[in-house]
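The structure appears below as structure tokens.
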Amino acid sequence: MAEDVPRGQTSGLTKSSGTQRRFPLPCSPAIPTMAKEPVRVLVTGAAGQIGYALVPMIARGVMLGADQPVILHMLDIPPAAEALNGVKMELVDAAFPLLKGVVATTDVVEACTGVNIAVMVGGFPRKEGMERKDVMSKNVSIYKSQASALENHAAANCKVLVVANPANTNALILKEFAPSIPEKNISCLTRLDHNRALGQVSERLNVQVSDVKNVIIWGNHSSTQYPDVNHATVKTPAGEKPVRGLVGDDAWLNGEFITTVQQRGAAIIKARKLSSALSAASAACDHIRDWVLGTPEGTWVSMGVYSDGSYNVPAGLIYSFPVTCCAGEWKIVQGLHIDEFSRKKLDLTAQELSEEKELAYSCLS
Ligand code: NAX
């Protein structure tokens, strides 16, 4: 079913004849567009609900910019092949000007070939009655084989974002089995949690979410994650002010705020009877956009990245840290003060990740 569909550019120009113009002259853009080479973006699990929300965002330029053409590679498993083909048909029908091709396939090698960016959404969900180890074992084997395909067939310097749960540990397995992909190129999604924290602060203070910045998600994308506002600020007419001072309610910030962010995924499932999809897709776009195009001056974001031991987080885990990005590279923000309350939370989520890592390794043997 795989097929590369190059899409012609439409000029839309209408030449006038004689002195009279039958149509007004087309407006020419201030900056010439469509000059860039297309970027190949892989989405695995593309027939699923996050995939369905994500691929049109990528095709519209939400992830890489309104002047960046893309070729979408979509992978799913054979039982989802027909649905995947339906997604491809809709992409064609949407006539996205930036979309220069679609590869829809159930062949992992074909999906990974030449990709510059890989968003790994496909995975094995936990089903009722399944043991944690059984789910881990399924995902370890998926991420092991997809790691090899990326290592052998993706473009040099491919950037990888793992969304599928357990996101941090899946990313770690991918890193282990793609040793030639630099560890700085492998990350997992905690930006949804970061955005949820921004949203909660904005609602509480009744300010625009775009005026809130520098919250942090530490650790695992799970209910042990630590959403931290100790360094977060809000833009006010009198300058940037600390969130903690503006909220003026430590009990809320150290209690309900944290649990609301930690359990937001469950609250969405309860309300929608389905897990988060549009917010997850949007967060994946935010993650890649900031990684590739850079974070704004004075702003950091949260990304699950390979720990180098910063903040006494054990090296060798994929752990969510505050990072700034420039020229396609992330850097962990250094020197933030960690108080005793935070220290315990950072350690607790690190402990969970160490246990997950152990479980994942036990599935390999
Ligand atoms: P869906 O079940 O709707 O879609 C998953 C898709 O992956 C399906 O189409 C399935 O056929 C496909 N798939 C399964 N095995 C595959 C394989 N080996 N290769 C390629 N595709 C495969 O789940 P959806 O709601 O889209 O969620 C996807 C993943 O994101 C889940 O693991 C979910 O837990 C995780 N999430 C992670 C979040 C994060 O912030 N890191 C938040 C949202 C989401 O819960």
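The values are calculated or read from the model by the stated rules, or taken from the named source; none is laboratory data. Being a predicted model, the structure only gives us computed values, none of them experimental. So basically every Cβ, Gly included, is an ideal-geometry build from the backbone, and we count neighbours across all protein chains shown.
Sort out which residues of the stretch 172-198 are closer than 17 Å to ASN116 by Cα and part of a helix (DSSP H, G or I), and write them in order of number.
Selection gives LEU174, LYS175, GLU183, LYS184, ASN185.
If only one of LYS138, LYS175, LYS184 is of a type outside the set (Val, Ile, Thr) and within 12 Å of the ligand (Cβ to nearest atom), which one is it?
LYS138
How about the stretch 229-261: which of its residues are over 30 Å from the mean Cα position of the chain (by Cα) and among the small types (Gly, Ala, Ser)?
Those that are over 30 Å from the mean Cα position of the chain (by Cα) and among the small types (Gly, Ala, Ser): ALA238, GLY239, GLY245, GLY248, ALA251.
Can you tell me which of (1) over 14 Å from the mean Cα position of the chain (by Cα); (2) within 22 Å of HIS73 (Cβ to Cβ); (3) not aliphatic (A, V, I, L, M) is the one CYS188 doesn't meet?
(1)
Please enumerate the residues belonging to the stretch 348-365 that are buried (at least 17 other Cβ atoms within 10 Å of the Cβ) and over 15 Å from LYS144 (Cβ atoms).
THR349, ALA350, GLU352, LEU353, GLU356
Go through (1) closer than 30 Å to TYR143 by Cβ; (2) modelled with pLDDT of 95 or more; (3) away from the ligand (no atom under 16 Å from the Cβ) and name the single condition VAL5 misses.
If we test VAL5 against (1) closer than 30 Å to TYR143 by Cβ; (2) modelled with pLDDT of 95 or more; (3) away from the ligand (no atom under 16 Å from the Cβ), just (2) comes out false.
Could you grab me the full set of residues in the stretch 160-181 that are surrounded by 22 or more Cβ atoms within 10 Å (Cβ to Cβ) and not small (Gly, Ala, Ser)?
In the first step, residues of the stretch 160-181 are kept if they are surrounded by 22 or more Cβ atoms within 10 Å (Cβ to Cβ); the result is 160-164, 166-175, 178.
If the condition is that a residue be surrounded by 22 or more Cβ atoms within 10 Å (Cβ to Cβ) and not small (Gly, Ala, Ser), then VAL160, LEU161, VAL162, VAL163, PRO166, ASN168, THR169, ASN170, LEU172, ILE173, LEU174, LYS175 are the ones that fit.
Taking into account only those residues within the stretch 251-275 that are in contact with a strand residue (DSSP E or B) (Cβ under 9 Å, 6 or more places away or on another chain) and not hydrophobic (A, V, I, L, M, F, W, C), which is nearest to the ligand (Cβ to nearest atom)?
Per the criteria, the residue is GLN262.
Taking only pairs six or more apart or across chains, which ones have beta-carbon atoms under 9 Å, a first residue in the stretch 43-61 that is without any contact (Cβ under 8 Å) to a residue 40 or more places away in the chain, and a second residue that is small (Gly, Ala, Ser) and within 14 Å of the ligand (Cβ to nearest atom)?
VAL55/ALA46; VAL55/ALA281
From the list PRO38, PRO125, PRO56, which one is more than 9 Å from the ligand (Cβ to nearest atom) and either under 21 Å from SER276 (Cβ atoms) or in contact with a helix residue (DSSP H, G or I) (Cβ under 6 Å, 6 or more places away or on another chain) (or both)? Talk me through it step by step, then tell me what you get.
Details: PRO38 fails: either under 21 Å from SER276 (Cβ atoms) or in contact with a helix residue (DSSP H, G or I) (Cβ under 6 Å, 6 or more places away or on another chain) (or both); PRO125 fails: more than 9 Å from the ligand (Cβ to nearest atom).
Residue meeting the stated conditions: PRO56.
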